[in-house]
Amino acid sequence: MHRKTVAELAAALRAGEVSSRELTEALLQRIEQLDPQLNSLITVTREQALAAAERADARLQAGDGGPLTGVPLVHKDIFCTAGVTTTCGSRMLAEFVAPYDATVVERLAAAGAVMLGKANMDEFAMGSSNETSYFGPVRNPWDLDAVPGGSSGGSAAAVAACLVPAATATDTGGSIRQPAALTGVCGLKPTYGRVSRYGMIAFASSLDQGGPIARTAEDLALLLGAMAGFDSRDSTSVDRVVPEYTEGLNRSIKGLRVGVPTQFFGPGLADDVRSRIEAALEVLAGEGAELHEVELPNMELALPAYYVIAPAEASSNLARYDGVRYGHRCAEPQGLEDLYKRTRAEGFGEEVKRRVLVGTYALSAGYYDAYYRKAQQIRRLVAEDFQRVLERVDVIAGPTSPTPAFNIGERVDDPVQMYLSDIYTLAVNLAGLPGLSIPAGFSRGRPVGLQLIGGYFEEARLLNVAHKYQQVTDWHRQVPEGFE
Amino acid sequence: MQWETVIGLEIHVQLATRSKIFSGAATAYGAEPNRQACPIDLGMPGVLPVLNAEVVRMAVKFGLAVGSRITPRSVFARKNYFYPDLPKGYQISQYDLPLVDGGALDIELEGGGSKRIGITRAHLEEDAGKSLHEDFHGMTGVDLNRAGTPLMEIVSEPDMRSPQEAVAYMKKLHALVRYLEICDGNMQEGSFRCDANISVRPRGETRLGTRTELKNLNSFRFVERALNYEIERQIDLIESGGEVVQETRLFDVDQGITRSMRTKEEANDYRYFPEPDLLPLEVDARLIDQVRETLPELPDEKRQRFITEYALPAYDAGVLTATRELADFFESAVSESGGYAKRTANWVMSELLAYLNKDGLELAACPVTPEMLGKLVARIEDETISGRGAKDVFEAMWAGAGEPDEVIAAKGLKQVTDSGAIEALIDEVLTNNPQQIEQYRAGKEKLFGFFVGQVMKASAGKANPQQVNDLLKQKLDGS
């Protein structure tokens with residue numbers, strides 16, 4: 001049962017082959033047995049989960065359940081959950097309990113999904129390996145010595161290990177797609193504004209976007225349908241009809257124009273990853289897609305621009321953690337400065353501090369024009385590059401990450417190497433476009449992800465292409481040893 | 001040396017919305033600490049601001065009233081600094097693209113004439129909470145009820161040349177925002193707050209001197225006192241060979257002096273950047289037209305109309321239109337009086353304002369209604385009562401005795417206008433004072449007033465003074 005996809009579980013639940021309570025109990029037991037190896041969850045909400053499962057069963061029996069009713073999932077611990085701790089992977093919020101649900105949590109609960117717990121993550125979503133979490137690193141189910149990627153490493157690992165069929169996640173520079181690629185699952189970062197950010201703890205507000213992680217493109221479609229839509233509580237969410245994402249999944253991709261940017265295949269791309277991605281592109285071509293070489297000339301500027309904008313916004317977003325109202329507070333502060341200094345020195349980890357410092361510097365008087373303003377100009381250029389290409393092709397395809405999962409500890413002392421892990425994903429956030437990653441094979445036993453990027457609000461097309469790919473490949477059906 | 005003072009004001013107007021600028025929490029004053037602060041006001045993780053549309057309408061209304069350009073696409077920015085009563089660690093404000101751009105306000109000068117004061121800009125922002133340093137045994141309490149209250153900061157050009165002009169501008173603005181019903185104007189509760197930038201320079205110099213910024217000027221009186229003190233301080237400093245330091249100074253109300261708060265070097269670097277949680281604020285022509293239709297008659301227009309429509313002196317018109325409430329009171333009273341504008345104006349400006357002042361009452365709590373005052377004026381005009389008697393009636397009405405006619409009847413204040421009755425009183429007085437008659441007729445004309453007084457006294461103040469005058473003259477001079 002644990003290997004079933006969301007779509008398969010939905011059918012089984014509705015057919016009465018299994019109850020949500022049985023499913024929930026089975027997965028909770030599986031979590032108890034297997035998660036100690038992975039550390040993918042920070043909190044397991046057994047009691048709430050069983051209660052929610054029973055409510056879902058009642059709905060199913062009454063015949064008013066939807067495709068997610070009774071389906072278990074976990075939320076990245078960045079989404080606020082009323083009455084359940086939301087840590088954001090930080091000591092700062094280790095005991096924080098919000099009095100409200102994030103819109104994503106609320107919508108999935110309304111659809112009848114059953115939350116089993118809160119997934120581990122890089123602290124405040126800052127990281128590409130899940131090693132910056134205050135709650136310890138997450139291990140990759142494909143190789144316990146490897147990182148699962150980040151920042152949504154817990155969500156990705158839990159889905160890859162079949163602890164849950166689906167998870168929520170967030171993506172600021174690749175935090176859904178990169179861990180999905182590194183753990184061999186599917187992850188979708190929607191268009192900026194497609195999914196409400198209300199109740200989703202901010203890292204970099206103009207880049208953050210919530211989305212689903214699951215094992216098939218079809219499941220992503222089901223989840224996105226429930227998560228997406230306008231929310232009056234988020235002024236940046238877009239008031240636009242949410243299409244029926246599952247409807248167009250089977251459409252033929254014959255004649256689909258696929259842009260392959262040369263900049264995604266330059267130096268730094270591991271040979272194995274290159275060959276897997278080239279093979280995947282051939283599969284798409286075999287389905288009738290046309291491959292076109294395209295140029296994204298400002299790609300190489302995306303990383304430095306991102307590492308000005310994201311830290312700048314983060315330095316401001318994280319100012320609220322001051323020990324005054326909630327969260328960690330140092331013991332016996334001697335005055336205001338001491339309260340601020342020790343609270344924040346103790347509450348934040350190294351990577352968070354690094355980015356707060358970088359961001360504060362970039363916004364400082366005298367440096368704003370040289371850094372922040374310049375970065376915003378580059379951001380526009382990057383977005384224009386994509387726009388130009390997307391006038392000629394329907395989707396852009398390439399690797400999600402330049403290498404497969406690296407080993408735990410391998411890059412912790414080298415932030416730049418760590419940042420390069422997101423070299424192909426963060427430009428998509430700068431442009432606000434939708435992007436997804438699906439499994440496309442392995443490199444020495446570690447998964448490789450294919451990234452698809454589309455035009456604004458063209459999630460349905462990305463899901464269609466991904467689904468067609470998954471109809472003729474079985475990379476997404478692979479389960480890591482020890483988690484079958 | 002002759003010195004010239006240059007003053008510019010930054011006025012924070014609390015907009016009179018029911019809910020906060022970025023959340024649905026109430027803005028009412030005086031609630032228990034932290035009872036009017038929702039997760040958004042508390043800056044909790046993950047919550048987001050949503051702009052209150054009413055705030056925008058109010059700011060547009062102000063902009064239209066002072067002839068500003070309404071920026072079609074203005075931008076909110078974050079002003080970053082740490083303080084315990086600033087929950088998010090930043091204030092959402094507007095920085096390089098404010099909603100209201102330019103404009104002007106005319107003030108009346110004391111020596112007559114008027115002067116135009118330029119308005120640089122007005123922008124929207126949220127208020128912070130309050131830090132309470134007393135009653136917490138050396139700790140600081142934080143009350144976030146005020147956090148997120150909508151403010152409009154109105155920045156003037158450095159166009160004022162004296163504390164008097166500054167106060168005149170401030171009063172003018174205060175009246176305007178109340179006319180527009182966008183601010184309750186309550187200075188004690190902090191609904192209307194003023195900071196002043198002030199510098200001095202030798203007369204004739206065109207460059208500006210180094211300025212200081214004065215904070216905590218929360219009454220018209222404080223503004224004048226603080227500015228006067230600061231002018232002297234700056235002049236003394238320069239004349240004794242020193243230099244003015246650019247700094248922020250706090251006005252100490254008790255000692256009447258200003259004190260350095262922080263110098264330019266110590267000033268925060270606010271690290272402004274566009275607020276990514278809010279889209280740029282777009283105001284289209286339709287909204288502007290809608291708001292324009294809600295604009296009331298403005299103080300200057302009303303003053304002009306009072307001069308022409310009621311034939312009032314400019315001074316009266318100015319006093320009566322100082323607030324919308326007083327102007328409305330006056331107009332209702334005039335209408336009730338049967339159109340006797342000047343007499344009504346006199347009563348409003350002397351009796352009514354004096355009584356309000358004496359009892360420390362707001363017009364809204366005035367025990368005498370415009371209808372009552374209007375009727376009283378009508379009774380004077382139709383000679384039912386004398387002016388003297390009317391003062392007694394007013395006093396009684398103030399004390400709650402009821403409508404003017406009831407008071408007049410109850411107190412027997414109805415004026416005697418029967419010539420026969422008055423003549424009888426005159427005859428009596430003349431009979432009793434033969435000596436004075438002789439003196440009067442011998443040329444001591446001052447005694448005429450004595451006779452009038454005697455007659456009035458004999459009538460218990462009820463005789464019509466004009467009639468007494470006329471009849472007495474006839475009797476004394478004619479016979």
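The values are calculated or read from the model by the stated rules, or taken from the named source; none is laboratory data. As the structure is a computational prediction, the values presented were derived from the model and not from experiment. Every residue, glycine as well, gets a Cβ built from its backbone with ideal geometry; the counts of neighbours run over all protein chains shown.
If the condition is being surrounded by fewer than 15 Cβ atoms within 10 Å (Cβ to Cβ), in a strand (DSSP E or B) and of a type in the set (A, V, I, L, M, F, W, C), then the stretch B:96-153 contributes B:Ala104, B:Leu132. The set of residues from the stretch B:72-81 being surrounded by fewer than 21 Cβ atoms within 10 Å (Cβ to Cβ) and either under 20 Å from B:Gly102 (Cβ atoms) or at pLDDT below 95 (or both) comprises B:Pro72, B:Arg73, B:Val75. For residues that are buried (at least 22 other Cβ atoms within 10 Å of the Cβ) and among the charged types (D, E, K, R), scanning just the stretch A:369-393, find the one that is farthest from A:Gly449 (Cα to Cα). Among those residues, the one meeting the criterion is A:Arg379. A single member of B:Glu247, B:Glu282, B:Glu265, B:Glu275 is among the acidic types (Asp, Glu) and away from chain A (no Cβ under 14 Å), and it is B:Glu247. Can you report the number of residues in the stretch B:191-202 which are surrounded by fewer than 17 Cβ atoms within 10 Å (Cβ to Cβ) and not in a strand (DSSP E or B)? Looking only at that region, the number is 0. Criterion applied to A:Glu300, A:Glu282 was being at pLDDT below 95, away from every other protein chain (no Cβ under 14 Å) and outside any strand (DSSP E or B), and the one residue passing it is A:Glu300. Across the stretch A:33-44, the qualifying residues are those that are under 21 Å from the mean Cα position of the chain (by Cα) and not hydrophobic (A, V, I, L, M, F, W, C), and the one among them that is surrounded by the most Cβ atoms within 10 Å (Cβ to Cβ) is A:Ser40. The number of residues in the stretch A:306-337 that are within 25 Å of the chain's Cα centre (by Cα) and at the interface with another protein chain (Cβ under 7 Å from one of its Cβ atoms) comes to 5.
With respect to (1) within 24 Å of A:Arg392 (Cβ to Cβ); (2) in a helix (DSSP H, G or I); (3) basic (Lys, Arg); (4) without any contact (Cβ under 8 Å) to a residue 60 or more places away in the chain, the lone exception for A:Lys341 is condition (1). Among the residues in the stretch B:164-180, are any in the same structural domain as B:Asp269 (by TED's automatic domain parsing) and part of a loop (DSSP other than H, G, I, E, B)? Checked the stretch B:164-180: at least one residue is in the same structural domain as B:Asp269 (by TED's automatic domain parsing) and part of a loop (DSSP other than H, G, I, E, B). When the stretch A:211-248 is filtered for residues that are over 20 Å from A:Gly112 (Cα atoms), within 14 Å of chain B (Cβ to nearest Cβ) and acidic (Asp, Glu), the ones remaining, listed by number, are A:Asp234, A:Asp239.
Selection within the stretch B:55-85: residues that are among the small types (Gly, Ala, Ser) and either in a strand (DSSP E or B) or outside the structural domain of B:Lys20 (by TED's automatic domain parsing) (or both). The member of this set that is farthest from A:Asp338 (Cα to Cα) is B:Ser74.
Can you spot a residue in the stretch B:31-40 that is away from chain A (no Cβ under 14 Å) and surrounded by 21 or more Cβ atoms within 10 Å (Cβ to Cβ)? The answer is yes; a qualifying residue exists. The set of residues in the stretch B:267-320 being surrounded by 13 or more Cβ atoms within 10 Å (Cβ to Cβ), assigned to a loop (DSSP other than H, G, I, E, B) and acidic (Asp, Glu) consists of B:Asp269, B:Glu275, B:Asp277, B:Glu297. Annotation note: of A:Ala383, A:Ala405, the sole residue that is closer than 23 Å to A:Leu188 by Cβ, in a loop (DSSP other than H, G, I, E, B) and either without any contact (Cβ under 8 Å) to a residue 24 or more places away in the chain or in contact with a helix residue (DSSP H, G or I) (Cβ under 9 Å, 6 or more places away or on another chain) (or both) is A:Ala405.
From A:Thr103, A:Thr172, A:Thr168, grab the single residue that is touching a Pro at 6+ places or on another chain (Cβ under 9 Å), of a type in the set (Val, Ile, Thr) and under 26 Å from A:Leu433 (Cα atoms). Of A:Thr103, A:Thr172, A:Thr168, the one residue that is touching a Pro at 6+ places or on another chain (Cβ under 9 Å), of a type in the set (Val, Ile, Thr) and under 26 Å from A:Leu433 (Cα atoms) is A:Thr168. Among residues of the stretch B:408-425 that are more than 10 Å from B:Ala463 (Cα to Cα), those with a Cβ under 7 angstrom from a residue that is part of a loop (DSSP other than H, G, I, E, B) and not basic (Lys, Arg), sequence gap 6+ or separate chain, pair up as B:Ile408/B:Thr384; B:Ile408/B:Ile385.
When the residues of the stretch B:137-187 are filtered to those that are touching a Ser or Thr at 6+ places or on another chain (Cβ under 8 Å) and of a type in the set (S, T, N, Q), the one that is farthest from B:Pro98 (Cα to Cα) is B:Thr140.
Do we have any residue at all in the stretch A:409-424 that's under 11 Å from A:Ala181 (Cβ atoms), of a type outside the set (Phe, Trp, Tyr) and in contact with a strand residue (DSSP E or B) (Cβ under 9 Å, 6 or more places away or on another chain)? Scanning the stretch A:409-424, I find no residue that is under 11 Å from A:Ala181 (Cβ atoms), of a type outside the set (Phe, Trp, Tyr) and in contact with a strand residue (DSSP E or B) (Cβ under 9 Å, 6 or more places away or on another chain), so the answer is no. In the stretch B:349-454, counting only helices (runs of 4 or more DSSP H) that sit wholly within it, the ones holding 1 or more residues that are modelled with pLDDT under 85 and touching a helix residue (DSSP H, G or I) at 6+ places or on another chain (Cβ under 7 Å) span B:387-398, B:404-411, B:419-432.
Mind counting the residues in the stretch A:414-435 that are outside any helix (DSSP H, G or I) and of a type outside the set (Asp, Glu)? Number satisfying all stated conditions: 8.
Can you confirm whether B:Gly339 is among the small types (Gly, Ala, Ser) and outside any helix (DSSP H, G or I)? Yes, satisfied. For A:Arg411, the criteria (1) charged (D, E, K, R); (2) modelled with pLDDT of 95 or more; (3) within 30 Å of A:Ser315 (Cβ to Cβ) hold in every case but one, which is (2).
In this structure, does B:Glu205 turn out to be outside any strand (DSSP E or B) and either in contact with a helix residue (DSSP H, G or I) (Cβ under 8 Å, 6 or more places away or on another chain) or within 30 Å of A:Gln376 (Cα to Cα) (or both)? No. Taking the stretch B:208-262 as the range and being under 22 Å from the mean Cα position of the chain (by Cα) and part of a helix (DSSP H, G or I) as the test, the residues that pass are B:Phe220, B:Arg221, B:Phe222, B:Val223, B:Glu224, B:Arg225, B:Ala226, B:Leu227, B:Asn228.
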